Amino acid sequence: MKAFLMYRDRDFDLGRPLPWNEAALVQDLELTTLFDAMAAGDRYLADVAGRAVLSGLADPDAVRYRQDVLRDALNNEPVVRRIYDLATESIERERKDYWGLFMRTPGAVLQRSVSVLQMFVGALRKLRSIADEHASAFRSEGFTRFFAMLQQELSDEYFARIHDHLRRLKFHDGALVSAGLGQGNKGIDYVLRKPHEETQSWLQRLLAQRPPVYTVHIHPRDEAGARALAELRDKGTNLVANALGQSTDHILGFFTMLRVELAFYVGCLNLHRRLAAKGEPTCFPVPEAPERRRHSCRGLYDVCLSLNLDHRAVGNDVNADDRDVVIITGANQGGKSTFLRSIGLAQLMMQCGMFVPAESFCANLCTGIYTHYKREEDPAMQSGKFDEELSRMSEIVDHIAPHSLVLFNESFAATNEREGSEIARQITRALVDRRIKVFFVTHLYDFARRLANAIFLRAERQPDGRRTFRLIEGEPLQTTYGEDLYRRIFGPGTDAEARAAGWAPR
């Protein structure tokens, strides 16, 4: 049995290696906040959420498959949570209640397998009942196929057959074992036999003529005889014990994979509940093929920032379709880095099949997502900031592929503006030539104003210096309004005072 709720044709691999730049993505995009919101205190959900979000898809059809499953989960949340809880409970009971029965002898393995299988059958009956009751409410290909599989494979005939086998394997009337004689009259070819069904009445059985039977009785205190008899029984039940152990492992594997795949959707439900409680908008994005250049959104906001605020976050509208580069400039503390983070988060969420934090969102899928953010000075002084920036850029170049997305946040500003602008320009042009999309937050005016096929966004600033945290289309300016920060920190003053204090605008 297969769930196939994450992919059409395969299981979700929880052990799949994460991207080489996992740590950078988590740090730069503050993904821990997102994973914690999806987990809602459950570390297992956090682990699955992290691996799913960081292992994105590059096929629009695969993304839409997950989106449809998630829509069903949002529309039938109690049912999905009930199935997840059932799978979790079954796995925990198998680990907690039956580990003590595990021993090396075939008899102990058989005893444990019978007990575990009996518990699993009860869980499978509940799963089949859920399918019968709620299957008609689901529309997605994933859930429709999942419920159809349950109804087909977990039929009444199947449960009746399992019940009969389990009853026999308890050996209330003893075990019927056949054997042959080998060299030196040693027993060989031990086989557990199915007892004959008693179809006669008790009177017929009493009067019927029986074949001669030779019976050996073992004294209750004959420990050696009891051990010898147990060994004979183990030899007869060895094959059955192995087969039954494999059957329980198969069902355990099914519940384990079902839990893994539903954990992703339960995490999405937890996040959606948090955002809905604040009145934040969410939407299912429109994924396009990687080779296209689509990137448009309305009301896009930083979901991690919103999760840490008591009020709603400010959203932004952008249309960067058919553009290779998006340059973001403007006033300090105007929301540029927050917007850049919202771009990265939305891309990751879209590519794993989630909803995104926006009123609408459409973008091409990417073969990889990379961040190049400024870092603090190296405390060990092994290299300067500029050398460290170039080293990280070299690592990205070693791994990057066409149709990737790179997010730069004030990169190459550790040197003077002329050199930083030239390096940024050459790197950006090389990336664009390789069909790589670039979002670049920068204060390097000379770099920003000399790029082709770019859209320019600028952090909005009111005439009185207030920040709206919205981005508007606009050419780069030569100032970042550093005097606004001076006035905020040191109080009202004139531009002359700001320049005298070394805060001359750039």
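The values are calculated or read from the model by the stated rules, or taken from the named source; none is laboratory data. Everything quoted here is computed from the prediction, not taken from an experiment. Glycine also receives a Cβ, built like all others from the backbone with ideal geometry; neighbour counts cover every protein chain displayed. Note: accessible area is taken over every heavy atom of the protein model, side chains too, but ligands, DNA and RNA are not part of it. Shrake-Rupley method; radii C 1.70, N 1.55, O 1.52, S 1.80 Å.
Within the stretch 297-334, the set of residues being over 26 Å from Leu444 (Cβ atoms) and hydroxyl-bearing (Ser, Thr, Tyr) comprises Tyr301, Ser306.
Residue count for the stretch 53-83, restricted to those that are farther than 23 Å from Glu291 by Cα, touching a Phe, Trp or Tyr at 6+ places or on another chain (Cβ under 8 Å) and buried (at least 20 other Cβ atoms within 10 Å of the Cβ): 5. Looking only at the stretch 64-87, decide whether some residue is modelled with pLDDT of 95 or more, touching a strand residue (DSSP E or B) at 6+ places or on another chain (Cβ under 8 Å) and in a helix (DSSP H, G or I). Yes, that holds for at least one residue. The set of residues from the stretch 1-18 being under 28 Å from Tyr301 (Cα atoms) and either open to solvent by 40 Å² or more (accessible area, probe 1.4 Å) or among the β-branched types (Val, Ile, Thr) (or both) comprises just one member, Leu18. So for the stretch 358-365 (the condition being part of a helix (DSSP H, G or I) and open to solvent by less than 20 Å² (accessible area, probe 1.4 Å)), does at least one residue qualify? The answer is no; no qualifying residue exists. For the stretch 299-335, the set of residues classified as part of a helix (DSSP H, G or I) and open to solvent by 10 Å² or more (accessible area, probe 1.4 Å) consists of Leu305, Leu307, listed by residue number. Entry remark, the stretch 410-422: residues being in contact (Cβ under 8 Å) with a residue 12 or more places away in the chain and either basic (Lys, Arg) or open to solvent by 10 Å² or more (accessible area, probe 1.4 Å) (or both) number 7 in total. Looking only at the stretch 110-126, residues that are surrounded by 21 or more Cβ atoms within 10 Å (Cβ to Cβ) and under 13 Å from Arg82 (Cβ atoms) come to 0 in all.
The residues of the stretch 410-449 that are within 17 Å of Lys336 (Cβ to Cβ) and in contact with a His (Cβ under 8 Å, 6 or more places away or on another chain), listed by number, are Glu410, Ser411, Ala413.
When the stretch 21-41 is filtered for residues that are open to solvent by less than 50 Å² (accessible area, probe 1.4 Å) and part of a loop (DSSP other than H, G, I, E, B), the ones remaining, listed by number, are Asn21, Leu29. Just one residue in the set Thr442, Thr468 is at pLDDT below 85, among the β-branched types (Val, Ile, Thr) and more than 30 Å from Asp59 (Cα to Cα); that residue is Thr468.
Leu18 meets the conditions (1) in contact with a Cys (Cβ under 9 Å, 6 or more places away or on another chain); (2) not in a helix (DSSP H, G or I) in every case but one. The failed one is (1). Hey, any hits in the stretch 440-449 for a residue that's out of contact with any strand residue (DSSP E or B) (no Cβ under 9 Å at 6 or more places or on another chain), open to solvent by 30 Å² or more (accessible area, probe 1.4 Å), in a loop (DSSP other than H, G, I, E, B) and basic (Lys, Arg)? No, every residue in the stretch 440-449 fails to be out of contact with any strand residue (DSSP E or B) (no Cβ under 9 Å at 6 or more places or on another chain), open to solvent by 30 Å² or more (accessible area, probe 1.4 Å), in a loop (DSSP other than H, G, I, E, B) and basic (Lys, Arg). Among the criteria (1) modelled with pLDDT of 95 or more; (2) farther than 29 Å from Leu262 by Cβ; (3) in a loop (DSSP other than H, G, I, E, B), the one Phe339 does not fulfil is (3).
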